[in-house]
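Heads up: the structure comes next, in structure tokens.
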Amino acid sequence: MGKATGVRQGRVTKKKGRNRRKREPFGTRARRFFVRALWVTVITAALPAGLYTSWQLYGAITTTEYLAVERVTVDGAFRTGVDSVIELSGIEPGENIFSFKLASVEQSIRTDPWIESAKVSRSIPSTVRIEVAERTPKAIVNAGSLFVMDSAGLLFKRYSVTDGLDLPVVTGLGADGLDSGAPVEDSVLMSLLDRLDGRDGFNSGDVSEIHVDTEYGYTLYTVDEGVVLRLGTEDFESKLGRFERVVEARGGTLSGVEAIDLTRENDVVIKYIGNVVKEGGAT
């Protein structure tokens, strides 16, 4: 028989190992391993040193007397007062200006129900600036207990005589779900309050109570003589204008008047104490 030629039954056979990747020498692989290991060792050793240095720097910044608080300014604290806001902030004279978190100070200041928002900033090296926005009281709401409502309709605190507020009292809203921190979801009521606040003539200062009724709408009680003004649910400015003309026609007095119904378009119904008299829209 002849010698093998590498051809068998029409197929070419390949010698084993011909397509394998050539293996690197042991020395080359060892050097690569040790270089990588060295880098890992250097970085691992440097991290604690860097962290330690950063911590030392932070400690120096937050304790140096050069950055001690010498002055705290407060803007916007008309009702709450500057001293009260500074006390709420918890910032003490001589305290390092970087020793407290601004967000924490702002949150602490907002614990006063009169303060709607607070912004605290640092002015290096020694001044802290505080800007607050106070709530605007709109009415006192009687919902089982008395609450102060702001211009957004939020019952932001329980009413106290020390608040010194001379505002209309809103009744008829009910007590269900109403407590400090709850919103009054009555856009018509808020519109009426805005209208009364913006008037030059008869305005919120002349109103002792606003009663809300889901069927009859909104009824005002005047400070002068306690007269009942029935307004309904819309066109408040026109109706208040008609009321002012009635008062003017009567010489500026409401004496003897029990109630005035303004719910009918271009019509005024006056109820006097003891009888009822209907007067046309010309009054």
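Please treat every number below as a calculation from the coordinates, not as lab data. Bear in mind that the values here come from a model prediction, so they are computed numbers and not experimental data. Note: ideal-geometry Cβ built from the backbone for every residue, glycine included; neighbour counts use all protein chains shown.
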Name the long-range amide H neighbours of residue 184: under 5 Å, sequence gap of 5 or more, or other chain; modelled H, no Pro or chain starts. 154, 155
How high is the FRET efficiency between residue 244 and residue 92 when r is their beta carbon distance and R₀ equals 45 Å, given to the nearest 0.05? 0.20
Once fully extended, how much extra length lies between residue 228 and residue 186, figured as 0.36 nm per residue of separation less the alpha-carbon to alpha-carbon distance? 13.0 nm
P(r) of the range 66-134 over all Cα-Cα pairs, 5 Å bins starting at 0, rounded to whole percent, reads 4, 19, 35, 24, 13, 6, 1, 0
PRE reach from residue 82 (point 7 Å along Cα→Cβ): which of the range 116-153 fall under 18 Å by backbone N? 119-123, 126-134
Hey, fewest Cβ within 10 Å first, where do 169, 141 land in order? 169, 141
Contour minus end-to-end for residue 107 and residue 255, with contour as 0.36 nm per residue of separation and end-to-end as the Cα-Cα distance? 48.1 nm
The residues 272, 218, sorted from fewest to most surrounding Cβ atoms within 10 Å, come out as 272, 218
Rank these for me by crowding, 236, 78, going from fewest to most other beta carbons within 10 Å. 78, 236
If R0 is 41 Å, what FRET efficiency do you get for residue 272 and residue 165 from their C-beta distance, rounded to 0.05? 0.80
Can you pull the Rg over Rh of the range 137-280, Cα-only, Kirkwood? 0.98
